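The values are calculated or read from the model by the stated rules, or taken from the named source; none is laboratory data. Quick caveat: nothing in here was measured; it's all calculated off a predicted structure. Here the Cβ positions follow ideal geometry from the backbone for every residue, glycine too, while neighbour counts run over all protein chains shown. For the accessible areas, the whole protein counts, side chains as well, though only heavy atoms, and no ligand, DNA or RNA atoms are used. Shrake-Rupley method; radii C 1.70, N 1.55, O 1.52, S 1.80 Å.
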Amino acid sequence: MTMAATVAELVRGFKANGRIVIVGASLAGLRAAEALREEAFNGSLTIIGDEPHEPYDRPPLSKQVLKGWVPADHTQLPRLREVDAQWRLGVAATGLDRATKQVRLAVGEQVPYDRLLIATGTRARQWPNPTEAALEGVYTLRSCEDAARLQQALASRPARVLIIGAGFIGSEMASVCRELDIPVTVVERGSAPLVGALGGVIGEIAAEMQRDHGVDLRCGVGVSSLEGDAGGHVRRARLSDGTTVEADVVVASLGSIRNVEWLEGSGLAAGFWGIGCDAGGRAFDINGVVTDSVYVAGDVARAPHVLYEYQFLAMEHWDNAVLGAEVAAHNMVSLEPDYHPHLLLPGFWSGQFGVNIKSVGVPPFGDEIVFTQGSVKERRFAAAYGRRGRIVAAVSFDQGKWLEHYGRLIEKSAPFPPPPPGWDRPDDMNPMPAEFPAPGVPTAIPDVVLTGHDPNERIAEFRPRR
């Protein structure tokens, strides 16, 4: 038998009798399982998730669920095919032994694997004072249980809601409050809403939009403490400028934490920004060497991207979870000549205050912005971000139809400022500073974060646990 024939037989044997474990039973985990079966993997498949639910869709939680249009437990993800897996739901993975290839569970069991996919995602960052966080009326929003509790609180018609943090989720929740005619105050430590993700120029437009819809928006200040009444219900917040806000519902929208603690001691390159991997989803060990049997997908993965100077990108986007999972699944049952790269051009959407906001590329990678179409005054426009003379991202307010055009320009590393499509050109088409916060300035954490290796730019800091 030739070497090629021997290798082909090994692959067939693995597809028939191999053992694959997926840790993470959300969008990325489910789509990876479906893709593995599509790839003719017929071996043992185990899916482990710490939540008791089958995979569900999270984007509706901050929109349709909070409005009361959809019950929180009605957001289950559709199955694209049968996965014939052993589901271990409601039990957390607590450790990984790469030498013996076993995942340790909180219930004391160990699950063996031949290949492992890590898709543990993120969790909401809690209010940092545990006593204040335990006050009745203080919420975060990540899980369907979070959404159900917060929806009930909004339905009870609170006198005022305080939202701490004006990132996308915080801004969407403020929008829902105004749609429900509930008074809302938003406190943001940065200079404007969305400033970490889209920069100060767009942030000022978002701020004006919020205030026009009746939001009491306070930027450049933080919340120093929360205070409750004798019954343990939150009643007010003290801000860093000495003022107070009376509120009986407080939502901490402080960004997310990647679920990597269970990998401590595993020797994988796991840390604050997620788990380092190559563009094919293969995890790096702590020395930066690619592993053979451990893969990563979804929010918890961070991989170099060819369009962004090979900086590592961590993307909390729906399409990143789906497409990254499919690529990882394919590579888990393939050999090197057939590996696929996950080279998604990042994109997101957000609905708030009646405006559909969409983006393509990585806006924080740019240092300039230019409005290319539409009207800022009417809040229907497209704008492009540039860096070193090429376009790197674009954003639109109610002009999403044009983003495909800008996406093609980004993929070609087209010049900046780009030629605008169509005829609807703004009066001022001069590039200007995009006004992203300097590293170290407190702000809402963007959902696309740069963790590059260039010492002159943003870096990730390794902090071993003590």
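For the reader, a short list of remarks on this structure follows.
- Condition check for R88: in contact with a strand residue (DSSP E or B) (Cβ under 6 Å, 6 or more places away or on another chain) and either more than 30 Å from D292 (Cα to Cα) or open to solvent by less than 60 Å² (accessible area, probe 1.4 Å) (or both): yes
- Here G361, G366, G400 are screened, and the one residue that is in contact with a Leu (Cβ under 7 Å, 6 or more places away or on another chain) and of a type outside the set (F, W, Y) is G361.
- Close Cβ contacts (under 9 Å, 6 or more residues apart or on different chains) running from residues in segment 409-429 that are open to solvent by 60 Å² or more (accessible area, probe 1.4 Å) to residues that are part of a loop (DSSP other than H, G, I, E, B) and of a type in the set (S, T, N, Q) comprise P417/N430.
- Pairs where the first residue, in segment 143-163, is on the phi > 0 side of the Ramachandran plot and touching a residue at least 12 places away in the same chain (Cβ under 8 Å) and the second is open to solvent by less than 50 Å² (accessible area, probe 1.4 Å) and assigned to a loop (DSSP other than H, G, I, E, B), C-beta under 9 Å, 6+ apart: R157/L180; R157/I182
- Summed over segment 87-99, the residues that are touching a residue at least 12 places away in the same chain (Cβ under 8 Å) and outside any strand (DSSP E or B) give a count of 4.
- Selection status of R380, among the basic types (K, R) and touching a helix residue (DSSP H, G or I) at 6+ places or on another chain (Cβ under 9 Å): no
- Matching residues in segment 274-303 - criterion: being open to solvent by 50 Å² or more (accessible area, probe 1.4 Å) and under 22 Å from the mean Cα position of the chain (by Cα): R282
- Restricting F381, F348, F371 to residues that are buried (at least 16 other Cβ atoms within 10 Å of the Cβ), in contact with a His (Cβ under 8 Å, 6 or more places away or on another chain), in contact (Cβ under 8 Å) with a residue 12 or more places away in the chain and part of a strand (DSSP E or B) narrows the list to F348.
- Out of L198, L217, sole residue that is in contact with a helix residue (DSSP H, G or I) (Cβ under 8 Å, 6 or more places away or on another chain), outside any strand (DSSP E or B) and farther than 28 Å from V23 by Cβ: L198
- The residues of segment 327-351 that are hydroxyl-bearing (S, T, Y) and in contact with a strand residue (DSSP E or B) (Cβ under 6 Å, 6 or more places away or on another chain) amount to a single one, S350.
- Looking at segment 1-78, the helices (runs of 4 or more DSSP H) lying wholly inside it that each contain 2 or more residues that are β-branched (V, I, T), over 18 Å from the mean Cα position of the chain (by Cα) and modelled with pLDDT under 95 sit at 3-17.
- Answer residue from segment 232-257, given it is modelled with pLDDT under 95 and in a strand (DSSP E or B) and is least open to solvent (accessible area, probe 1.4 Å) among those: S256
- Boolean, A314 is of a type in the set (G, A, S), touching a Ser or Thr at 6+ places or on another chain (Cβ under 7 Å) and under 23 Å from R58 (Cα atoms): yes
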